[in-house]
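The values are calculated or read from the model by the stated rules, or taken from the named source; none is laboratory data. On a predicted model such as this, the values are computed, not experimentally measured, just so you know. We place every Cβ from the backbone using ideal geometry, glycine too, and count neighbours over all the protein chains shown.
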Amino acid sequence: MMTGRVLLIEDEANIAEAIRFILTRDGWDVTIHADGATALDRLRALRPDALVLDVMLPGLSGYEILDALRADSMLADLPVLILTARGQEREREMAAARGATLFMTKPFANADILASLRQLVGR
Amino acid sequence: MARQALTGSRVRDRRLMLGLRQADLAHAVEISPAYLNLIEHNRRRVRPELLVRLAEALKVEATVLAEGGEGALFDALREAAASPEPGLSPEIDLLEEFAGRFPGWAGLLAARQGQVVRLSKVVESLSERMAQDPFLAASLHEVVSAITAVRSTSAILAETEDLEPEWRTRFHKNIYEDSLRLSNVSAALVAWLDQARAPEAGLSSPQEEMEDWLQARDWHVEELEGLNPPRPESLLAGAPQLASAAGRALTLAYLRNYTADAVALPWMRLAKALDQRGPDPLLLAQSLDVPVPLVLRRLACLPRGQLAGVGLVACDGSGGIVFRRPAPGFPMPRSGAACGLLPLFETLAQPGTPLRRLVQVTGRGSGARFWAYSWCDRSWPQGFEGPMVAQAVMLLIPAGGAEGPTRRIGPSCRICSEQSCAARREPSFVL
């Protein structure tokens, strides 16, 4: 039973591995990408159903990637879950203003990321 | 009441201290006791020639009677009066009368003002540290990342009953790795915070740790000056100034560059040229056939006694200060708070062009003059495809009584007293 294809852009290898394990067990097909600078190419090639996006990345920040994909007609509607260590209200507002679908702060409960992802794709 | 009015009070204090009667002093300076009485009660101005006679009779310098030790007191009171307090408008014209009639209260207010200024500097320094310190930002990000990984991974281990052995082993290894990261970053943060709590430690950042370490060696690393220098790592073991990993890494990088500089231009060769040609860095570079920035750096780390009172500041293309060797009497800039008129920043727009300015330090009790020799280099360390990187360096050499067009340089804007500064970024609270 596959729930969907998700691209996880996260440069912390152990966080990425834990998320991949959780989502894979839930039926997701998970691809990990660790570099901000090449993330858009990977997105265009993969065409996932959802994107889990870290903010502090090497090369290009999560928000810069978000700006670029919202400006791209092929990717503009992609549901995006922002993952960040910064949880202040203004950060949430900024993420929403730039087109994030959902927002989650680190550290997170595993059940929450599963629920968020299901909510993200309406399943 | 003018400040000189208080001369009378000082005459009276001094006379009483010496145990003289009013009549005796009046006789000694050839005035009537009644007139002396009026002077001592600040009701008559003291003419200069009488001031000299009074000073001789009271065995004290005339300036002490005329100005007293209250200069700093008045300055502090003016500073307090100038600090904006909504709804309050101190009577500045009565300031000296206030100090004369209520010296205890005036002293208390001046002391409180001094404390306000000191605390403001600490707050400014801490704010700058919190906002700009890359070590703190990176450390906190590291903590959150490691905790996030540990929390998710441990939840998997605790909640997944049918976890395959190879996954279990892998996640145990990940948790071990992240706990090590947490341990290391926690130790570094504790060391950083301990230093921030200790006022005598000067709220050290990694850059300041390196400066403290170099200061303890008088900015000359003798071990790296020989033909077969040791590995720089061997010099850092057990250094009490280098509390953080970031401070040690910064110092190590500096020492590697220092070693290369010492090979490229041995200090004795430079010292000999200095004797023959004087301190002009451009002439020295030409005669020694070496780059100008190398000469600037090496002039700032000669052994004690070779070139006294020098300082060195370097910045990157954004104007961020990357190195400081303080020169006595010169307000060394902090990142984000430096005087915008420093020739160091001017030279960023003129790469490869020698720039010399005569600068004078503004502010109370200063006025020191320096020759500021600046140079900016551009490089492309990643080749044609990479970005251009700029670095500027400025050597300060005491200029004594040198004459010529002078640029006035202050500390950071908030505590600078320069009223008509073209480069002011924010209001000063000492104006």
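Which one is surrounded by the most Cβ atoms within 10 Å (Cβ to Cβ) among residues in the stretch A:1-21 that are within 14 Å of the chain's Cα centre (by Cα), farther than 18 Å from B:THR160 by Cβ and within 12 Å of chain B (Cβ to nearest Cβ)? Taking the candidates together, the pick is A:GLU10.
Report yes if A:ARG25 is within 26 Å of B:TYR176 (Cβ to Cβ), within 14 Å of chain B (Cβ to nearest Cβ) and modelled with pLDDT under 95, otherwise no. Show your work before the answer.
Working: within 26 Å of B:TYR176 (Cβ to Cβ): yes; within 14 Å of chain B (Cβ to nearest Cβ): yes; modelled with pLDDT under 95: yes.
Judged against the criteria, A:ARG25 is a match.
In the stretch B:168-182, the residues that are more than 8 Å from chain A (Cβ to nearest Cβ) and more than 9 Å from B:THR153 (Cβ to Cβ) reach residues that are at pLDDT below 95 and surrounded by 16 or more Cβ atoms within 10 Å (Cβ to Cβ) with C-beta atoms within less than 6 angstrom, at least six apart or across chains, in these pairs: B:ARG181/B:ALA146; B:LEU182/B:ALA146. Kindly establish whether B:LEU16 is of a type in the set (A, V, I, L, M), surrounded by fewer than 17 Cβ atoms within 10 Å (Cβ to Cβ), within 30 Å of B:LEU108 (Cβ to Cβ) and at pLDDT 75 or above. Criteria met by B:LEU16. For the stretch B:385-398, the condition of being under 23 Å from the mean Cα position of the chain (by Cα) and either among the small types (Gly, Ala, Ser) or not in a strand (DSSP E or B) (or both) holds for at least one residue. Here A:LEU75 meets the list (1) touching a strand residue (DSSP E or B) at 6+ places or on another chain (Cβ under 9 Å); (2) loosely packed, with under 14 Cβ neighbours inside 10 Å almost entirely, failing just condition (2).
Any residue that is in contact (Cβ under 8 Å) with a residue 40 or more places away in the chain and within 13 Å of chain B (Cβ to nearest Cβ) - is there at least one of those in the stretch A:79-96? Yes: one or more hits. All conditions but one from (1) farther than 23 Å from A:ARG70 by Cβ; (2) more than 9 Å from chain B (Cβ to nearest Cβ) apply to A:HIS33; the one that does not is (1).
Every test in (1) under 16 Å from B:SER145 (Cα atoms); (2) surrounded by fewer than 20 Cβ atoms within 10 Å (Cβ to Cβ) is passed by A:ASN110 save one, and that test is (2). Selection of the stretch B:21-52 for residues being free of Cβ contacts under 8 Å to residues at least 12 places away in the same chain, more than 22 Å from B:ARG101 (Cα to Cα) and over 43 Å from the mean Cα position of the chain (by Cα) yields B:ARG21, B:ALA23, B:ASP24, B:ALA26, B:HIS27, B:SER32, B:PRO33, B:GLU49. Here A:THR101 fulfils each of the conditions (1) surrounded by 17 or more Cβ atoms within 10 Å (Cβ to Cβ); (2) within 14 Å of chain B (Cβ to nearest Cβ); (3) over 17 Å from A:LEU57 (Cβ atoms) apart from (2). Would you check if B:PRO279 is farther than 20 Å from B:MET388 by Cβ and more than 15 Å from the chain's Cα centre (by Cα)? Answer is yes for this residue.
The number of residues in the stretch A:48-72 that are out of contact with any strand residue (DSSP E or B) (no Cβ under 8 Å at 6 or more places or on another chain), closer than 25 Å to B:ALA146 by Cα and aliphatic (A, V, I, L, M) comes to 1. Being assigned by TED's automatic domain parsing to the domain that holds B:MET394, assigned to a strand (DSSP E or B) and not aromatic (Phe, Trp, Tyr) is not true of B:ALA327. When the helices (runs of 4 or more DSSP H) confined to the stretch B:222-312 are screened for residues that are at pLDDT below 90 and out of contact with any strand residue (DSSP E or B) (no Cβ under 8 Å at 6 or more places or on another chain), those reaching at least 2 such residues are found at B:233-236, B:245-264.
Does the stretch B:403-421 contain at least one residue that is of a type in the set (Gly, Ala, Ser), modelled with pLDDT of 95 or more and in the same structural domain as B:ILE321 (by TED's automatic domain parsing)?
Checked against the condition, which is being of a type in the set (Gly, Ala, Ser), modelled with pLDDT of 95 or more and in the same structural domain as B:ILE321 (by TED's automatic domain parsing), the stretch B:403-421 yields no hits at all.
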